[in-house]
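Remarks on the structure that follows.
The values are calculated or read from the model by the stated rules, or taken from the named source; none is laboratory data. As the structure is a prediction and not an experimental result, all values here were calculated from the model. Every residue, glycine as well, gets a Cβ built from its backbone with ideal geometry; the counts of neighbours run over all protein chains shown.
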Amino acid sequence: MNKQDEDRLRQLEEENRKLKDYIRLLENKNNTLDNTVQPKESTNVDPSKFYAYQEVDKLLTNQQISRFSRHLLLPEIGVKGQAGICNGSVLVVGAGGLGAPCLLYLAAAGVGRIGIVDFDRVDISNLQRQVIHTEDRRDQPKVTSAAISVKNLNSSIQVDTYDEPFETHNGLDLVSKYDIIVDASDNVSTRYMVNDACIIAKKPLVSASAVRFDGQLTVYNYGPDCPCYRCLFPEAPPAETVTNCADGGVCGVVPGIMGCLQALQVLELLMIKGGGGDGLNVLSRRMVLFQARDTTFRTVQLRKRSPTCAVCGDHPSITQLSHMGAPACAAPRSFEAISSVLNADNRASVMQLKDVMDSQGEPGGKYLLLDVREPVQFDIASIPGAVNVPLKDIKSKPQQVEELINNVGGDPSNFPVYVMCRRGVASVSATKALVTQKSFGNVKNVDGGIDEWIRLVDQRFPSY
Ligand SMILES: Nc1ncnc2c1ncn2[C@@H]1O[C@H](COP(=O)(O)OP(=O)(O)OP(=O)(O)O)[C@@H](O)[C@H]1O
Ligand SMILES: [Zn+2]
């Protein structure tokens with residue numbers, strides 16, 4: 001260590017010691033909240049030192065000093081950094097897997113005003129990772145549930161709730177009310193809207209995503225040459241290539257980790273804004289990739305802002321918010337609409353399937369029930385007697401189905417084959433693939449799949 005570093009270290013140690021003395025002094029005042037109260041004579045600290053810290057008092061109240069003392073002890077944060085946090089405001093879009101941990105840490109750290117926007121209700125399947133919600137708040141608005149948890153943790157902060165989607169009509173207004181924006185949503189359309197709103201309103205955006213065992217994190221719109229989401233992805237990806245948690249699954253801890261990292265970036269930004277944050281480097285123009293399978297973090301450098309970007313480029317064409325892809329809260333396409341591409345002969349309702357099962361017994365010898373979900377889903381629960389042949393195998397090896405029929409002595413040209421999946425989407429593709437094969441003469445899609453089966457036939461079948 002060189003002389004300069006040694007001096008700096010000594011200086012920091014001395015500052016820390018003084019600060020500890022001062023915090024102890026305040027704690028000895030029986031947590032009195034009145035800044036005007038003078039220190040007790042009996043403390044072992046020279047009262048003149050107290051007056052030397054009047055400047056500290058201006059930035060933080062005694063209560064804040066006691067509460068955030070473990071932050072104040074860090075030279076990188078210090079009084080100015082913590083004051084930046086306490087005076088800061090943050091909007092979190094989405095109170096789900098990412099938003100839950102992020103909100104809790106922002107509240108714990110004392111962010112002065114937190115806005116939460118989400119249109120969804122708490123579902124039992126959320127509790128595996130959305131740790132801000134609880135069993136007794138099932139079906140409550142997520143924003144209400146999140147606000148209760150945040151307030152329980154830190155009653156002194158202001159929480160604004162917006163039980164509505166972040167949309168083209170309200171996005172800019174929402175963003176303009178806060179210093180920093182967190183994208184904790186889960187869909188492409190919202191990502192573009194939040195990105196564009198942040199560019200237009202000139203706000204830093206802390207963005208993350210998590211699906212399966214993978215997480216990503218970066219900060220947009222902060223620092224020189226920083227690209228925006230649109231610079232990196234000028235075009236929305238095709239809908240069928242995007243996996244969400246409801247279909248692809250997610251290991252609950254992964255959004256937990258990524259949401260915590262989002263909170264960390266927000267705090268760094270607020271500390272710096274407050275004049276603290278010495279030596280902290282915000283994650284702009286870099287992206288962290290987390291891989292939970294082998295617990296690795298990788299940081300990649302991002303390309304520079306694109307001068308031709310439609311929103312942050314030199315000649316932006318986007319000056320207001322619009323949708324890229326389906327709006328987040330739009331009703332998904334109904335299974336009726338999806339299965340209507342099939343001929344009536346190639347369709348059956350779940351009630352028709354039930355009648356067949358009631359009259360002919362379990363699938364097997366007289367008819368086939370093909371379940372085309374992925375094996376991992378088939379293992380969760382399946383209808384007795386159903387055979388699992390995933391959609392991709394039906395497409396690549398349709399003769400597999402022929403073999404199944406031959407094995408029970410049936411003739412594929414008239415043997416009844418019912419095709420089923422989770423929601424009646426993949427099964428339509430599978431039915432189409434089979435009917436185009438001349439060998440199959442009696443194939444029917446079960447409209448609406450297992451979701452409809454649960455709704456109309458068997459509510460004991462587990463929904464997931
Ligand atoms: N445009 C939007 N405005 C407000 N909230 C949004 C918007 N888009 C998504 N969200 C919210 O972001 C959160 C994302 O959370 P998460 O990825 O954990 O998914 P989920 O929808 O809760 O669960 P699952 O995908 O398992 O059904 C959800 O609560 C969702 O309602
Ligand atoms: Zn851009």
Checklist (1) under 25 Å from ASP173 (Cβ atoms); (2) among the basic types (Lys, Arg); (3) within 16 Å of ligand 2 (Cβ to nearest atom) applied to ARG285, failing item: (1)
Any chance LYS142 is farther than 30 Å from ARG298 by Cα and in contact with a Phe, Trp or Tyr (Cβ under 9 Å, 6 or more places away or on another chain): yes
Failed criterion for LYS151 (all others in (1) among the charged types (D, E, K, R); (2) under 26 Å from VAL175 (Cα atoms); (3) within 10 Å of ligand 1 (Cβ to nearest atom) hold): (3)
Residue that is within 16 Å of ligand 2 (Cβ to nearest atom), of a type outside the set (Phe, Trp, Tyr) and outside the structural domain of ASP163 (by TED's automatic domain parsing), where the choices are PRO327, PRO316: PRO316
Condition check for VAL401: within 22 Å of SER463 (Cβ to Cβ), among the hydrophobic types (A, V, I, L, M, F, W, C) and crowded, with 16+ Cβ neighbours inside 10 Å: no
Condition met for TYR222 (more than 19 Å from the chain's Cα centre (by Cα), within 15 Å of CYS312 (Cα to Cα) and modelled with pLDDT of 95 or more): yes
Condition broken by GLY325, with the remaining ones in (1) farther than 25 Å from GLY88 by Cβ; (2) touching a strand residue (DSSP E or B) at 6+ places or on another chain (Cβ under 6 Å) satisfied: (2)
Pair list, Cβ < 9 Å and 6+ apart or interchain, from the stretch 107-121 residues that are within 11 Å of VAL93 (Cα to Cα) to residues that are in a strand (DSSP E or B) and among the aromatic types (Phe, Trp, Tyr): GLY115/TYR162; ILE116/TYR162; VAL117/TYR162; ASP118/TYR162; PHE119/TYR162
Filter pass, CYS198 being at pLDDT 95 or above and more than 17 Å from ARG286 (Cβ to Cβ): yes
Matching residues in the stretch 289-331 - criterion: being within 16 Å of ligand 1 (Cβ to nearest atom) and closer than 11 Å to ARG230 by Cβ: MET324
Residues being free of Cβ contacts under 8 Å to residues at least 60 places away in the same chain, in a loop (DSSP other than H, G, I, E, B) and away from ligand 1 (no atom under 16 Å from the Cβ) - total across the stretch 236-281: 3
Residue match in the stretch 75-93 (condition: surrounded by fewer than 24 Cβ atoms within 10 Å (Cβ to Cβ), of a type in the set (Gly, Ala, Ser) and not in a helix (DSSP H, G or I)): yes
Close pairs from the stretch 69-96: first within 25 Å of HIS133 (Cβ to Cβ), partner within 16 Å of ligand 2 (Cβ to nearest atom) and not in a loop (DSSP other than H, G, I, E, B), Cβ under 6 Å, at least 6 apart: LEU91/ILE181; VAL93/ASP183; VAL93/VAL194
Residues being closer than 23 Å to ASP355 by Cα, out of contact with any strand residue (DSSP E or B) (no Cβ under 6 Å at 6 or more places or on another chain) and outside any helix (DSSP H, G or I) - total across the stretch 388-408: 1
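Matching residues to (1) in contact with a Ser or Thr (Cβ under 6 Å, 6 or more places away or on another chain); (2) of a type in the set (S, T, N, Q); (3) surrounded by 13 or more Cβ atoms within 10 Å (Cβ to Cβ); (4) within 19 Å of GLN216 (Cβ to Cβ):
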| residue | (1), (2), (3), (4) |
| --- | --- |
| ASN281 | no, yes, no, yes |
| GLN291 | no, yes, yes, yes |
| VAL311 | no, no, yes, no |
| GLN320 | no, yes, no, no |
| ALA337 | no, no, no, no |
Among residues of the stretch 140-168, those that are over 25 Å from ILE272 (Cβ atoms), surrounded by fewer than 20 Cβ atoms within 10 Å (Cβ to Cβ) and in contact (Cβ under 8 Å) with a residue 60 or more places away in the chain, counted: 2
Qualifying residue in the stretch 419-426 (condition: in a helix (DSSP H, G or I) and not assigned by TED's automatic domain parsing to the domain that holds GLY248): yes
Looking only at the stretch 180-211, and only at residues there that are within 12 Å of ligand 1 (Cβ to nearest atom) and free of Cβ contacts under 8 Å to residues at least 60 places away in the same chain, the one that is surrounded by the fewest Cβ atoms within 10 Å (Cβ to Cβ): VAL211
Contacts under 7 angstrom Cβ, first residue in the stretch 297-315 being touching a residue at least 60 places away in the same chain (Cβ under 8 Å), partner of a type in the set (Val, Ile, Thr) and not in a loop (DSSP other than H, G, I, E, B), 6 or more apart: LEU302/THR218; VAL311/ILE199; CYS312/ILE199
Candidate set: the stretch 282-305, residues that are assigned to a strand (DSSP E or B) and of a type outside the set (A, V, I, L, M, F, W, C); chosen: the one farthest from the chain's Cα centre (by Cα): GLN301
